[in-house]
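A short worksheet on the structure shown next.
Computed from the coordinates by the stated procedures, all read-outs in this text should not be read as laboratory data. Predicted model, so just to flag it, every value in this text is computed and none were measured. Cβ: placed from backbone, ideal geometry, glycine included. Neighbour counts: every protein chain shown.
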Amino acid sequence: MEKYDVIVVGAGNGGLSAAVTASQMGRKTILFEKHNLPGGAVSSFRRGRFEFEPSLHEMCEVGSEEKPGASRQLLKDLEAEVDLVHENSCYTVISNDPEEPFNLKLPCGIDEFCETVEKEVPGSGEKIKLFLEYEKKAMDEAERLDKKQFRLKDLPEIFNLFRLLSFPTDFIFDLFKIPKKAQHIIEPYWTYVGEPTSTMCPFMMGIMDYCYIVDGAGLPSKFSHEFSLALDKTIRKHGGQIFYNTPVTKILVKKGRAYGVVAGGKEYYSDNIICNCFPNDVFGRMVDKKEVPVIEYKKANARKLGVSFININLGLNKTVKELGISDYSTFILKYADSTKQWKDCHNLAGGGFLIANALNTVIPDCSPEGTSHITITTAIYGDDWAKVKPEDYKKTKLKIAEELIDYYEKTTGISIKPFIEEIEVATPVTYCRYLGTPNGTPYGFQTSNWDGIFLRTMNLIKERSIKGLKFVGAHAQHSDGYNQTLKSGKVAVEEIKWQKK
């Protein structure tokens, strides 16, 4: 019987980083992936002469080579040789809300960012700065807690952190007396986790605001596959095995303990199974029904699935300069308030907001000479797409794509439709088929203030209902995002209590 120290199921970010970490430790490691390539959403594909991304592929907390942020340091720890290109502005945000219109380009740098908002909303700049300073203190306290570097006398300061865990973001914004219009200007990053500020944990909102404002974003110069292929290389370098085109069909469980998997019709054994698959899929299909703990049904019913997306990838036969595009990220809002934007995610076409990313503004050679690459995205829930008849699917998705392109053109005054050479439209159906997640969500579960990163982490041991089985990825305790999912795999392996060989 061949036994492994670690079996990893799924080669998304979390699974790859878990396999890297285990193999770096010299542990006998094997990774199974159903696709013929690693990465999950962290990958790319070609249409004609253009290469596109299935996901938005920027990272916060990157920093520089001289002064690396947490994300860059994490990649170094994982020995992932990735060329990160810096985007040194935050975003442009345009509100089409007739009751609260605005159009601002937000720069990086706390002083510069706050001054820009101050000009639009007098009296808001210093209040935003105070919120960001408070958030930085809470982040430092969270790091001390994580590293167990606090003492009893530090508890009053650590209380600041727990205040940020106990209320929704809107409450904390109001506590700092930030005017509503200014709140709406600084909250577009809610779309990166899919939870509106009326229910999002303010610690999560603050992390995103602070890290992007201070450091900007880091993007891989050779698309997201640069991440996943670099991690594949590290696994093999340290003796780990990878089997592509080999889905795990069963996780073997007996008397509350996982002891192996079935992949390619063969059984593989280990005391440590790290799973990058969605829990609903694992407990609904891969574990014998009699071995599924009752708590897993309760968790599945309590937690809400995250949003999915309509993603329109456009290859244009004009450059961004010829088109008049100068911004990498543009948020276009139908409503200024994030809760109203989120409510529109329950419609078939979304439409409460859209994000337009022009990659050539950061990486000029990401498309062939004389062309450009633009992605238009809106978040939606996948439920309504199940009601679309197969014979109406293509017509429906192209109609919605055209409406979103028209909306972008009308708002920005930039014409792109006459220059479309390639177009690929992804819907929740696409993501469901490609990622294998319920309703096609890449974001896992909603990260509300009652079920955010810290509460999941605090209850992690209690929630592990089967010994030897851990989950990593966007649905795990660290939530979604490239840096968070990479971290989840590394942490899952590092906390294993290894037996001496």
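What to note about this one:
- Relative contact order of segment 159-227, pairs being alpha-carbon contacts under 8 Å that are 6 or more residues apart, as %: 38
- Positive minus negative residues near Lys343 (Lys, Arg vs Asp, Glu; Cβ under 11 Å): 0
- Exposure here means at most 16 other Cβ atoms within 10 Å; with GluC sites (Glu not before Pro) in a DSSP loop as sites, the longest stretch of the chain lacking them is 100-368.
- With Cα atoms, 0 to 90° folded angle of helix 110-120 axis to the chain main axis: 40
- Nearest-ten-degree value, helix 225-237 long axis tilted from longest Cα axis of the chain: 20
- Cut-off 15 Å (backbone N to label point 7 Å along Cα→Cβ of Arg236), residues of segment 1-27: 20
- Cβ distances below 4.7 Å define possible disulfide partners, and in the chain the cysteines left without one are Cys90, Cys108, Cys114, Cys201, Cys275, Cys277, Cys345, Cys366, Cys432.
- Alpha carbon centroid spacing (whole Å) that separates segment 246-293 from segment 295-313: 21
- Under 5 Å between amide hydrogens, built in the peptide plane, is the criterion, and for Phe309 it picks out Ile380 among residues at least 5 positions away or on other chains.
- Relative contact order (%) - criterion: Cα under 8 Å, at least six apart; region: the chain: 23
- Percent antiparallel among DSSP beta bridges (both partners in the chain, rounded to 5): 70
- Each residue, Met25 and Glu99, gets one label point 7 Å from its Cα in the Cβ direction; the gap between the two is 5.3 nm.
- Computed over segment 316-442: relative contact order in percent, which uses C-alpha pairs under 8 Å that are six or more apart: 26
- Its DSSP H runs of at least 4 residues, each contributing -39,500 (n - 2.57), put the calculated 222 nm mean residue ellipticity of the chain at -10500 deg cm²/dmol, to the nearest 500.
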